1. For region A:1-21, what are the residues that are facing chain B (nearest Cβ under 7 Å) and either assigned to a loop (DSSP other than H, G, I, E, B) or not basic (K, R) (or both)?
2. In contact (Cβ under 8 Å) with a residue 60 or more places away in the chain and more than 9 Å from every other protein chain (Cβ to nearest Cβ), is that true of B:V59?
3. Exactly one of these conditions fails for A:E31: (1) facing chain B (nearest Cβ under 7 Å); (2) of a type in the set (D, E, K, R); (3) over 22 Å from A:L235 (Cβ atoms). Give me its number.
4. Out of everything in region A:142-170 that is more than 9 Å from chain B (Cβ to nearest Cβ), surrounded by 24 or more Cβ atoms within 10 Å (Cβ to Cβ) and in contact with a helix residue (DSSP H, G or I) (Cβ under 6 Å, 6 or more places away or on another chain), what residue ends up being nearest to A:F64 (Cα to Cα)?
5. Take region B:306-322 and flag every residue that is at negative phi and in contact with a Lys or Arg (Cβ under 9 Å, 6 or more places away or on another chain).
6. Would it be correct to say that B:D105 is of a type outside the set (K, R) and in contact (Cβ under 8 Å) with a residue 40 or more places away in the chain?
7. Would you point out which residue out of B:V308, B:V279, B:V270 is buried (at least 23 other Cβ atoms within 10 Å of the Cβ), touching a residue at least 24 places away in the same chain (Cβ under 8 Å) and farther than 29 Å from B:A185 by Cα?
8. Anything in region A:115-141 that is over 23 Å from the mean Cα position of the chain (by Cα), more than 7 Å from every other protein chain (Cβ to nearest Cβ) and at negative phi? List them, or say none.
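The values are calculated or read from the model by the stated rules, or taken from the named source; none is laboratory data. All of these numbers come straight from a predicted model, not from anything done at the bench. Glycine also receives a Cβ, built like all others from the backbone with ideal geometry; neighbour counts cover every protein chain displayed.
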Protein chains: 2
Amino acid sequence: MKPNARILLGHGSGGRLSHELVTGVFIKKFENTVLAGLTDAAVFPLNANKLAFTTDSFVVNPLFFPGADIGKLAVAGTVNDLAVSGAKPLYLSASFILEEGLELDILEKVTDSMAREARQAGVMIVTGDTKVVEKGKCDKLFINTAGIGIFDETHRPLPSPENISSGDKILINGTIGDHGMAVMAARNELNLQSAISSDCASLNSLIESLSAQNISIKFMRDATRGGLGTVLCELCENRPFGVLINEETLPVKEQVRGVCELLGFDPLYVANEGKVVMVVGENDAAKALEIMLQHELGAEAAIIGEIVGDHPGKTWLKTAYGSTRMVDMLAGEQLPRIC
Amino acid sequence: MKPNARILLGHGSGGRLSHELVTGVFIKKFENTVLAGLTDAAVFPLNANKLAFTTDSFVVNPLFFPGADIGKLAVAGTVNDLAVSGAKPLYLSASFILEEGLELDILEKVTDSMAREARQAGVMIVTGDTKVVEKGKCDKLFINTAGIGIFDETHRPLPSPENISSGDKILINGTIGDHGMAVMAARNELNLQSAISSDCASLNSLIESLSAQNISIKFMRDATRGGLGTVLCELCENRPFGVLINEETLPVKEQVRGVCELLGFDPLYVANEGKVVMVVGENDAAKALEIMLQHELGAEAAIIGEIVGDHPGKTWLKTAYGSTRMVDMLAGEQLPRIC
């Protein structure tokens, strides 16, 4: 990274700048084989077990927004990072940084929400920490959750990206951009009257329903910061295949599309908090879609594209008008503090 | 907790108010058997293994101070929480909340320091996360580390507080109050010229050297926020025994004592980041002390007191003048943002 460089909001975007910071600083300093995998959760053996371990800090603004709040987000986000690695989420930690003067009611509401989501997802919050900083030294409340999951290879086939080949199908379990636009609309400065709800949800039960029915998932990732577009770019980056998605099949709520147009956002890059992108073999695709559609978190699931042999390493979008355009990784910060 | 209550700095002190927040909010909401243990690390079985899991957020101000920095602290602090639970620390996560505009050089120095301490302690940083908030919405840089350790019961006797009885000895591996006073002295507003260095260090190797020589540790805790005094109070609270310590045997550096007197602090409540308090049987005490003294992190170790049958649940200090006084848990916040 450049001398005298400074941290920009974009370094937290989940896009290109985040990627540079991770590879240019963290990976370099903390060099080890597990970290180098750069997956959402670290995976390592521990005696006879294989564990997944992940962490996320949450700084969303505002703390409460339609459909969820920072507490639900903090639990579901970490559950999802474990679940998309193929592990069964089990144990979470919860660490709070509180601003002096924060109303205790807010903390109560947030922790109620965490407890509810933990029960819902079947995980336990087993350890925690609290720090308090002086008024003005943080913004109300930040939460970190770390999580441990376990792999049970006898019961669940693990994602295996090396098996991806041309013709494989790409699925998503529902509409994109809901979370990002719900948070944006909830920010006071916007004065937007909107009924958009965050899609924030723990995806482990949906993912398990696919594994349980022997769908062989070749790749899965939750499309959070950076949106669907960034996940697709990362899926094929430096790989011998490309991605082609079809705009017409992308599930986007009318209201989300409207607010995106109003504000100049592309739903492809808007954060989700309850969406998983999957690659499955051509022969599994119809069955996988059917299973998703039957799950309450997959009612608007769709097959949105496929793996192609053309343009390896690149993601292309076939637009509704029949033209195609390249989808690049998010360059700067589209929506700061979205999670 | 009271209606309309607000978070005070003291809720982050590690003392009485922290205790109230943890039991009044977190334990109540996140109710489960593992969390209820209220130990520094959660301990739970995972198939054939027994794991320890812990988390800590670090908000120390300033980021750099004599003897350590926020990075070293973030690694050693989590290593120590695992080590005092009796586990062997193995894997750490690292999650950063960065303020927009932070000089990248600072992040480089901090992560260098984390990497160095992780190597020193023999742990791997295997997963991470970065969030960036707008300028003014956090104070430069906060770090969360969570950690996983494993219990190897065939090789290490585990702490067993239920075996504590009158006559057991209390040891500490060196001088108290160094960390807290080093950080205070480093704060710009004090203009103190001081040579006090933080004692920040990973204690797992010291602890292992005791276990390896079959010292049966009945209790151990690192004396961080809240200091030695708070650890002793927690050791005997609601137990059928009391604690009696001898002021004359308490290791305190002259400089630390001086700055404490100047600023009106009691070294008993000043934070340490490389000190472990242990209870061992009377017959093990001399050997335990000898092993500590031979370790570089135990050169100033001392037997500081004992478990007594009188005044159960209470901690008493025999002063240098021969009188005794009760040691209570830290009531408010003595030193905000000390870790």
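1. Those that are facing chain B (nearest Cβ under 7 Å) and either assigned to a loop (DSSP other than H, G, I, E, B) or not basic (K, R) (or both): A:M1, A:A5, A:I7, A:L8, A:L9, A:H11, A:G12, A:S18, A:L21.
2. no
3. Condition not satisfied by A:E31: (1).
4. For region A:142-170, the residue satisfying everything is A:I143.
5. Passing the criteria: B:E306, B:I307, B:P312, B:W316, B:L317, B:K318, B:T319.
6. Considered against the rule, which asks whether it is of a type outside the set (K, R) and in contact (Cβ under 8 Å) with a residue 40 or more places away in the chain, B:D105 comes out as no.
7. Result of the check over B:V308, B:V279, B:V270: B:V279.
8. Matches in region A:115-141: A:K135 only.
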